[in-house]
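Enquirer: I am attaching a structure below and will ask some questions about it afterwards.
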There are 2 protein chains.
Amino acid sequence: MKQSEVKAYRQVASAYLDRVGIVLRSEEKAGLEVTDFGLGEFETTGLVLHTYVNTERVCAKELVLLPHQTCPQHLHPPAGGEAGKEETFRCRWGAVYLYVEGESTSSPQAQPPTHRRETYTVHHEIVLRPGEQYTLLPDTWHWFQSGDEGAVVSEFSTRSRDEADVFTDMGVRRLPDVEA
Amino acid sequence: MKQSEVKAYRQVASAYLDRVGIVLRSEEKAGLEVTDFGLGEFETTGLVLHTYVNTERVCAKELVLLPHQTCPQHLHPPAGGEAGKEETFRCRWGAVYLYVEGESTSSPQAQPPTHRRETYTVHHEIVLRPGEQYTLLPDTWHWFQSGDEGAVVSEFSTRSRDEADVFTDMGVRRLPDVEA
């Protein structure tokens, strides 16, 4: 992504967080992580993240999604000699449609991005509205998409090791790749 | 504490959380944990807690403190075959004065409850206002008190094992003791 785009999306995400009442310091807002997962279509597949803490044992983040924005299918394998990342998503604002392993939901609320549909293989739907949450087991496939208004989601987890994450879509690169 | 008091303080704490924009479901509000640490003076020494998740690996909570309410000095020792609880406090609203091991602060913002002062032995002050946070190492003494308006604090940590916590004040009983 271009640095100008990253800055613009940081401002958009900051406005979401302000609206929800989540206070970030100015340097935290300026450091928000904006990722398009290397796919070059941020508003379709992307995420803005603030990481409160990520120690050897504990991680906590806020995730901001634009309307109908998708975090692509991935899992957190065992890494660093321990089980994979365990994460709990808690919806703070908007709606999140989370898809996990299990029986496919017959009329899901969200659809994968059409041109990448073949990289989405799990279709058991969990709907999260404000005040609702779901805990994902490590090493299990999942993806999620926000609803009409976008979403703010808190994530409580073990250590994040982005470099270890496995994505179904071979085009995904999770680590930052910001152009000047 | 009497059940009627527990209910009343749950309502007070719910109002704090509503004001900050933290959405709890009605059954979560009804289940808020109200503790006076067994000392029988809740508004001096006490805490209201909501636990989002507490698995073998991860815990996340919201803490609500009335004005000048104190969480008494304690530490989290090694337990269950692993290092003690590691916790990060993030102030969401109000102010929190956190006291940890280290050089005593000469003019601290808060004072321990006078009649229990001898059970407070660490006096290095960390001031947390909204958007500020601090990560405590396991197995280290700490206590905290809110400011004039009370406080709402998020806690991100490894598993909570309240039964393992060690308090300086021998009168403290952390586990619930609710009377009819």
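Enquirer: Which ranges mark the strands (runs of 3 or more DSSP E) fully within the stretch A:1-70 that have 3 or more residues being closer than 25 Å to A:Glu125 by Cβ and open to solvent by less than 60 Å² (accessible area, probe 1.4 Å)?
Expert: Details: elements: A:33-35, A:47-54, A:59-65.
Fully inside the stretch A:1-70 and qualifying: A:47-54, A:59-65.
Enquirer: Considering each residue of the stretch B:139-158, count those that are part of a strand (DSSP E or B) and either open to solvent by 10 Å² or more (accessible area, probe 1.4 Å) or not polar (S, T, N, Q) (or both), and give that number. First the steps, then the outcome.
Expert: Taking the stretch B:139-158 and keeping what is part of a strand (DSSP E or B), we get B:142-157.
Then drop every residue that is not either open to solvent by 10 Å² or more (accessible area, probe 1.4 Å) or not polar (S, T, N, Q) (or both), which leaves B:142-145, B:147-153, B:155-156.
So the answer is 13.
Enquirer: Right, here's the next one. Given the criterion out of contact with any Lys or Arg (no Cβ under 8 Å at 6 or more places or on another chain), under 20 Å from B:Val58 (Cα atoms) and away from chain A (no Cβ under 13 Å), identify the matching residue among B:Pro108, B:Pro77. Give the derivation first.
Expert: Numbers: B:Pro108 fails: under 20 Å from B:Val58 (Cα atoms).
That would be B:Pro77, the only listed residue that is out of contact with any Lys or Arg (no Cβ under 8 Å at 6 or more places or on another chain), under 20 Å from B:Val58 (Cα atoms) and away from chain A (no Cβ under 13 Å).
Enquirer: Tell me, yes or no, whether the stretch B:108-130 has at least one residue that is assigned to a loop (DSSP other than H, G, I, E, B), closer than 30 Å to A:Arg90 by Cα and touching a residue at least 40 places away in the same chain (Cβ under 8 Å). Lay out the reasoning, then the answer.
Expert: Applying the first criterion (assigned to a loop (DSSP other than H, G, I, E, B)) to the stretch B:108-130 yields B:108-113, B:120-123, B:129-130.
With closer than 30 Å to A:Arg90 by Cα added as a condition, the list becomes B:129-130.
After this cut, where a residue has to be touching a residue at least 40 places away in the same chain (Cβ under 8 Å) as well, the list is none.
So far as the stretch B:108-130 goes, no, none of its residues is assigned to a loop (DSSP other than H, G, I, E, B), closer than 30 Å to A:Arg90 by Cα and touching a residue at least 40 places away in the same chain (Cβ under 8 Å).
Enquirer: Out of B:Leu98, B:Leu128, B:Leu136, which single residue is at pLDDT 95 or above, away from chain A (no Cβ under 14 Å) and crowded, with 19+ Cβ neighbours inside 10 Å?
Expert: B:Leu98
Enquirer: So which residues in the stretch B:80-94 are open to solvent by less than 20 Å² (accessible area, probe 1.4 Å) and either more than 14 Å from every other protein chain (Cβ to nearest Cβ) or assigned to a strand (DSSP E or B) (or both)?
Expert: B:Glu87, B:Thr88, B:Phe89, B:Arg90, B:Cys91, B:Gly94
Enquirer: Go through (1) out of contact with any helix residue (DSSP H, G or I) (no Cβ under 8 Å at 6 or more places or on another chain); (2) over 20 Å from A:Trp141 (Cβ atoms) for A:Phe89 and report which single condition fails.
Expert: Every condition holds for A:Phe89 apart from (2).
Enquirer: Here is a further query. Restrict the check to the stretch B:111-122 and report whether at least one residue is crowded, with 20+ Cβ neighbours inside 10 Å, within 14 Å of chain A (Cβ to nearest Cβ) and not aliphatic (A, V, I, L, M). Can you show your working first?
Expert: In the first step, residues of the stretch B:111-122 are kept if they are crowded, with 20+ Cβ neighbours inside 10 Å; the result is B:112.
Right, trim to within 14 Å of chain A (Cβ to nearest Cβ) and you get none.
Among the residues of the stretch B:111-122, not one is crowded, with 20+ Cβ neighbours inside 10 Å, within 14 Å of chain A (Cβ to nearest Cβ) and not aliphatic (A, V, I, L, M), which makes the answer no.
Enquirer: Of the residues B:His115, B:His142, which single one is under 12 Å from the mean Cα position of the chain (by Cα) and on the phi < 0 side of the Ramachandran plot? Let's see the steps before the verdict.
Expert: Numbers: B:His115 fails: under 12 Å from the mean Cα position of the chain (by Cα).
Exactly one residue qualifies, and that residue is B:His142.
Enquirer: Ok, one more. Determine which member of the set A:Glu82, A:Glu62, A:Glu86 is closer than 27 Å to B:Tyr134 by Cα and under 12 Å from the mean Cα position of the chain (by Cα).
Expert: Values: A:Glu82 fails: under 12 Å from the mean Cα position of the chain (by Cα); A:Glu86 fails: under 12 Å from the mean Cα position of the chain (by Cα).
Exactly one of A:Glu82, A:Glu62, A:Glu86 is closer than 27 Å to B:Tyr134 by Cα and under 12 Å from the mean Cα position of the chain (by Cα), namely A:Glu62.
The values are calculated or read from the model by the stated rules, or taken from the named source; none is laboratory data. As the structure is a computational prediction, the values presented were derived from the model and not from experiment. Every residue, glycine as well, gets a Cβ built from its backbone with ideal geometry; the counts of neighbours run over all protein chains shown. The accessibility values were calculated without ligands, DNA or RNA, using every heavy atom of the protein model including side chains. Shrake-Rupley method; radii C 1.70, N 1.55, O 1.52, S 1.80 Å.
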